[in-house]
Structure formats: C-alpha cells, structure tokens
1. Go through region 1-34 residue by residue and tally those that are open to solvent by 60 Å² or more (accessible area, probe 1.4 Å), part of a loop (DSSP other than H, G, I, E, B) and at pLDDT 90 or above.
2. Quick one: in region 36-67, of everything that is farther than 25 Å from Phe126 by Cβ and among the aliphatic types (A, V, I, L, M), which residue is nearest to the chain's Cα centre (by Cα)?
3. Any residue in region 48-71 that is under 30 Å from Lys8 (Cβ atoms) and open to solvent by 80 Å² or more (accessible area, probe 1.4 Å)?
4. Scan region 92-102 and give yes if some residue there is surrounded by fewer than 16 Cβ atoms within 10 Å (Cβ to Cβ) and under 22 Å from Lys39 (Cα atoms), otherwise no.
Amino acid sequence: MISWIDIKFKNQYQNSANASGLRFQFCDYGNGFDATVGKEIEKFILFLRKNFYFPIRLNVLFCNTHAFRHHIDRHTYYGAFYSMDDEKRTVYPRISIAAKVCESNALQDVFFTLAHEITHYYQWYFLEDEKRTDRSLEIEANKWAKYILYLYLNEHTSSRSEL
C-alpha cells in the first residue's frame, strides 16, 4: 500500500529529477472556462502543494469539457494519468482532468478525480503499478481520493467558519 508523500518528509524523497512539484494549466481558459471554477481549482492545488511533496514534476491539464471519450471503446472517463515513461524519466508525467462543472461533473467530482489520478502518480513513483493488479490500484486510488477530499473540505470549511 502506497501513500502520498507528506510535505514534512520532503527531504527523504528528494532525488536527482531535474524538476519536482505540481504544475497545472487550463486549456481553453479564456474561451469559456469558468473563472470561478478555475479559482476553486487553484485553491485545491494550493492545498495539495502545501501538504504534499511531488518528487518528480507532475503536470496537470484541466480541460474545458465535462468528460472524455476513450478513442477505442468509447467509454466515458473524467481523468487520466500518463506516466510518459522513458528509461531516464526525463519526460514528466501528466494528468488530464475534465474540469467543466455541470450536472454530471460537480466541482467536488473534479477534485476527487484529480486526487484519484495523483494517487496513480504515487503508485507509479513507488513502482506499485508494476507489482499489483489494476483492480487493487483503482480501489486504493478511490480510498486516497476520498481521504484527500475529506482533508480539503474539512480544512476549507473550518477556515470559512473562522471568517
């Protein structure tokens, strides 16, 4: 079982990667991407950066769509982790998230999907994806996503009540 790397353990995981951290960008930000949603996503990203360490740079792309369709079997999905693996790990991993908030994709669902996919990043980092079944990896990613979302909402709600 993997875990996310708590920021207080950052020094134990620093490695020879050229870059670390969590980076993000919005595609179509000026073209219909809801600015309010963008600000809420930025708050969630700040929470993640403040609390967790990303030893190899992770790039996240938030897309202005409510879902993606798989090109082969046409199933619907909301996020994907791409390891971009090469032997030297010089190409940084990436996550794509469907971030258009609508009835079928609430803001909390966007956060959940991001946390789920970040768990796959940590599974990849700790090489768990090579040792375990897809089912066990998915179950673990869902558990971590629930936990991270709980932490965020708990902190976010308590900080609002202090205002």
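The values are calculated or read from the model by the stated rules, or taken from the named source; none is laboratory data. Keep in mind the model is a prediction, meaning the values are calculated, not measured. Neighbour counts are summed over all protein chains in view; Cβ atoms, including those assigned to glycine, are modelled from backbone coordinates with ideal geometry. Side chains included, ligands, DNA and RNA excluded: accessible areas come from the protein's heavy atoms. Shrake-Rupley method; radii C 1.70, N 1.55, O 1.52, S 1.80 Å.
1. Result for region 1-34: 0.
2. Ile41
3. yes
4. yes
Residues checked against (1) closer than 17 Å to Phe26 by Cα; (2) within 12 Å of the chain's Cα centre (by Cα):
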position	(1), (2)
Arg69	no, no
Asp73	no, no
Tyr78	yes, yes
Phe81	yes, yes
Leu107	yes, no
Phe112	no, yes
Trp124	no, no
